[in-house]
Every structure is written in structure tokens, then in C-alpha cells.
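All remarks here apply to the structure that follows.
The values are calculated or read from the model by the stated rules, or taken from the named source; none is laboratory data. Just so you know, these numbers come straight off a predicted model, no measurement behind them. We place every Cβ from the backbone using ideal geometry, glycine too, and count neighbours over all the protein chains shown. Heavy atoms of the whole protein, side chains included, go into the accessibility calculation; ligands, DNA and RNA do not. Shrake-Rupley method; radii C 1.70, N 1.55, O 1.52, S 1.80 Å.
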Amino acid sequence: GQHQQLWLGSLLVARERPMDAIATTVPSVPPPLPITQNPYHERRGKSLGKLFTQLIVIAFFLWLSCYLLSRSWSSTEFETTKQLGDMKRKAAFDAAKMMFAVEQNAVTFPSRGANKGLLKRRKNPFLPNDLTLSSSSVRDPLVDPHSYNEKLPERSGFVVLGMHRSGTSMLSGLLVKGAKYNVGGPLIGANYDNEKGFFERVDVVLQNDEFFSTQGMDWSANVINYDYQKALDDKSSGKITFKEGTKALAFLGDESNTPWLQKDPRMCITLRTWLKILPVEPAVVFTYRHPLEVAKSLMKRHDGIESTEHGLRMWIVYNMRAVQNSNGLCRVFSSNERVYADPHGEANRIVRQLTEKCKVPSPPGIITRELVNSFIDPNLVHNKKKEEGSILKTFASDCIAYDYPKDPNKPQSHETETSMYLKAMKVYCAFKTGEAYQPDYEWPTW
């Protein structure tokens with residue numbers, strides 16, 4: 001009965017809606033699965049993805065191995081090159097020291113029983129132990145044995161170091177106007193106490209003043225306590241803006257400005273800070289003047305210098321720091337006295353030393369006698385010391401400290417002023433003999 005009812009229902013449906021009857025009687029075929037749901041394609045995709053991932057991992061580890069291996073090779077090569085370079089520099093350095101000592105008759109080789117007339121063995125790390133110091137040794141104070149190296153790297157310029165009022169402006173003027181060393185600008189203008197100009201860059205002077213001010217000092221007070229590392233830390237932390245210094249570095253780091261000259265007496269104090277910042281190592285020209293002349297000149301021109309003792313103390317500190325901070329650099333020594341005695345010859349000697357010894361590129365100009373005569377005016381020599389009065393003390397090489405008139409209104413300071421004057425004169429005489437340029441020189445204390 002149920003089968004008959006279904007069959008009759010189908011007939012009725014077929015008569016009323018033929019297509020529905022076909023759909024109910026013909027079994028439906030399921031549609032094909034999408035490619036993303038196909039098990040075959042899914043397995044194949046997973047295999048390709050896994051293979052691709054494995055290739056990426058293998059490539060990464062190959063790159064990492066090559067990178068680490070190259071770093072290891074470069075590090076080993078660098079250390080080996082550095083060690084060989086250090087050995088070569090030390091060998092050349094030691095050979096230069098011995099050559100200098102022998103040329104200056106500063107050493108003699110001991111022979112059988114030849115101890116007579118010889119002093120004790122010289123305690124100098126730059127000379128072998130089998131060399132002894134001769135009692136007749138004389139050193140040239142204008143030659144720096146601690147920078148004597150014929151294979152020094154080429155330098156793009158040099159710094160003029162010297163205490164304020166010590167003739168650094170006159171010497172720099174000869175080198176800039178005559179030899180045409182590049183000093184750039186803007187420069188501090190000439191005034192009544194320096195009518196030919198200072199040849200000092202404004203940005204460098206302002207930057208040195210910023211170094212001083214952040215440590216509670218200025219150019220005339222407390223500079224002996226300047227900490228070059230603290231200045232670098234203050235620059236890194238932003239306490240020092242270094243705005244002006246950036247301008248100076250842009251000039252000094254530009255190869256088109258070679259050979260350049262940089263001069264500011266404050267550099268005697270701040271040099272080690274600049275050495276960490278400058279793009280290249282500079283050479284140094286150092287000059288000095290009689291301490292009493294400097295002290296008297298400072299008292300006349302600066303209200304902050306109220307006593308001769310203050311000026312003498314500054315003279316010691318600036319010159320001491322100039323020599324200490326430049327130790328190890330290629331240096332050329334001069335003095336205000338030598339420049340005035342023969343400005344043409346002395347200026348040209350300095351140029352030759354900078355070029356031949358310190359490898360500073362040759363300047364484009366020539367210092368002529370006409371230029372010297374037009375630039376140096378004997379009438380502009382201020383506060384020339386007069387050697388008069390009683391002799392207070394005689395130092396080496398007949399370098400004499402004469403007594404001088406003191407301030408009658410300050411009799412209580414005469415003793416301390418004289419003591420400071422003798423300390424300064426000891427250094428002055430050591431400059432003349434070259435002793436003060438030795439690394440083991442004992443500087444005055446107070």
C-alpha cells in the first residue's frame with residue numbers, strides 16, 4: 001500500500017511539475033570539492049611550504065656562518081696588523097731616540113775600563129740599558145726627541161700653543177700672512193693691545209669658554225683643575241651644546257682647507273679634549289716668552305689679573321699644560337725671543353720643520369723679508385723686560401733671574417711673589433735648555 005501511494009504521488013507530481021519529478025527520482029551527484037579543500041592539493045601545499053621553510057632556515061644559517069667566519073678573520077687580521085704596526089712604530093721610535101742621542105753627543109758606549117768621566121746610567125726608557133750619559137751632553141732645545149719620527153703620518157694642519165701675551169699672535173700672523181696657512185674665519189678683530197690681529201677663530205674661542213664655564217672656571221682662574229674627560233662627558237650628555245665647536249670642526253675637517261693653522265691660548269688647557277674630537281691628529285708649534293714680561297702685560301690689559309703673582313702662576317700653568325697635553329704629538333719649539341731676534345729665519349725654520357718632520361703639507365706662500373718688515377713693528381713690543389737689579393738666582397746655562405720693582409702698596413705679598421717668580425724662571429730656563437720638554441721633568445707645585 002505504501003509503495004502504491006508513493007508511485008501515485010510521483011505520477012501526480014510528474015503531471016503537475018515534470019522537472020521536480022525528475023529531481024526527486026534522479027539521484028544527485030555531489031559537486032567537486034574546491035582546490036583548497038582537496039586532500040591531494042592540501043598535502044602537496046603542505047609539502048611545498050615545509051620545503052620552502054627549510055630552505056629559508058638553511059640559507060639563514062649559511063649566511064650567519066659566513067658572517068661570523070668573516071668577522072673572526074677580520075678581527076684576527078686587525079689584531080695582527082695592529083701588533084705589527086705597534087712593533088714597527090716602537091722600533092722606529094727607539095731607533096730615532098738613539099740616533100738623536102748619538103747626534104747630540106748625549107750618550108757614549110762603555111768600553112773596557114772606560115767608566116772614568118761618565119755619570120750613572122741614564123734612566124731613560126727610550127734608550128738601551130748599555131748606554132750611559134756623558135757629562136758633556138748638550139741638547140738642542142728646538143728639537144723634540146719625543147716626536148722625532150721620519151715616518152709620521154701626514155697631518156692636515158697644526159695648533160699654535162703658548163700662554164696669553166707670549167707672542168703667539170705675532171708668530172701666527174707671520175705664518176698666515178707669509179706662508180698662507182689657512183686660518184679661516186670669522187676671526188677676533190685687532191684692538192689696541194694687538195694691532196696686527198689675534199688670528200683666533202671666534203667659534204673656537206667661544207667653545208673653549210664653554211668648556212671652562214661648565215667646570216666653574218674661566219681663562220684666567222682655576223684652569224689648573226680643568227678635566228678634559230669631564231668636558232667630553234658634558235658634551236655627550238648635552239650639558240655642553242658644542243654649537244660653536246661644530247662650526248670649527250666643519251672647517252678643520254674639510255680637506256680643501258689644508259694646511260690649516262689653529263691658534264687660541266686656551267688650547268693649552270683644552271687640547272686633550274679637542275684631540276678626542278678632531279678628525280685628524282694635528283702637529284703643534286709651541287712658543288713661550290719671559291714670565292715677568294707676560295705677567296706685567298696681563299696686569300695692564302686685564303682687570304681680572306690683580307697681581308704679578310697671579311700672572312706668574314698663570315704663566316706656569318698654561319705652559320705646563322701645553323707641554324704635558326701635547327706630549328707624544330709632533331712638536332716644533334720656538335720662543336718669542338728667537339722670533340724677535342730673527343723673524344724671517346725663525347718663521348721659515350718653523351715652516352720647514354712642520355713640512356719635513358711633522359709631514360704637514362707645504363703651504364702655498366713664502367715668508368719674505370719684505371713681509372716680515374711690514375708685519376713686525378718694533379714699536380709694538382710691549383713690556384720688554386729690562387735686566388737690571390740684583391741677581392736673585394742663576395739657573396742652568398747662565399739663565400739669570402734678576403730682581404725687579406714690586407708694588408710698594410703690597411709689601412706683604414713681596415715674599416710670595418718672589419717665590420712664584422723663581423719657580424717661573426726655573427721653568428723658563430728649562431725651556432731654553434730643552435729640559436722642560438722631557439717627560440720626566442718635575443714641574444713646580446704650590
For residue 369, the accessible surface traced by a 1.4 Å probe with all protein chains present amounts, in square angstrom to the nearest 10, to 140
By accessible area (1.4 Å), largest first, 446, 260, 219 order as 446, 219, 260
With +1 at each Lys and Arg Cβ and -1 at each Asp and Glu Cβ, the charge dipole magnitude of region 303-446 around its Cα centre, to the nearest 20 debye, comes out at 480
Placing each pseudo-label 7 Å from Cα in the direction of the beta carbon, residue 57 and residue 303 end up separated by a distance in nanometres of 8.0
Rounded to the nearest 10 Å², the accessible area of residue 258 using a 1.4 Å probe with every protein chain kept is 50
Rounded to whole Å², per residue accessible area for region 166-317 with a 1.4 Å probe reads 38
Checked region 303-426 with the C-alpha gyration tensor, a ≥ b ≥ c its square-rooted eigenvalues, rounded below a/c of 1.5, otherwise prolate if a/b is larger than b/c and oblate if not; verdict prolate
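Quick one: grab the alpha carbon gyration tensor of region 139-298, order the square roots of its eigenvalues as a ≥ b ≥ c, and give me rounded if a/c is under 1.5, else prolate or oblate depending on whether a/b is larger than b/c.
rounded
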Using alpha-carbon positions, the gyration tensor of region 285-330 gives root eigenvalues a ≥ b ≥ c; with a/c under 1.5 called rounded, otherwise prolate if a/b exceeds b/c, else oblate, the class is prolate
For region 252-291, the charge dipole (Cβ of Lys, Arg +1; Cβ of Asp, Glu -1; about the Cα centre) points to a positive end, and the Cα of 253, 267, 279 closest to that extreme belongs to 267
Pseudo-spin-label distance residue 441 to residue 68, built 7 Å along Cα→Cβ, given in nm, is 5.4
Computed from the beta carbon distance with a Förster radius of 22 Å, FRET efficiency for residue 392 and residue 342 to the nearest 0.05 stands at 0.15
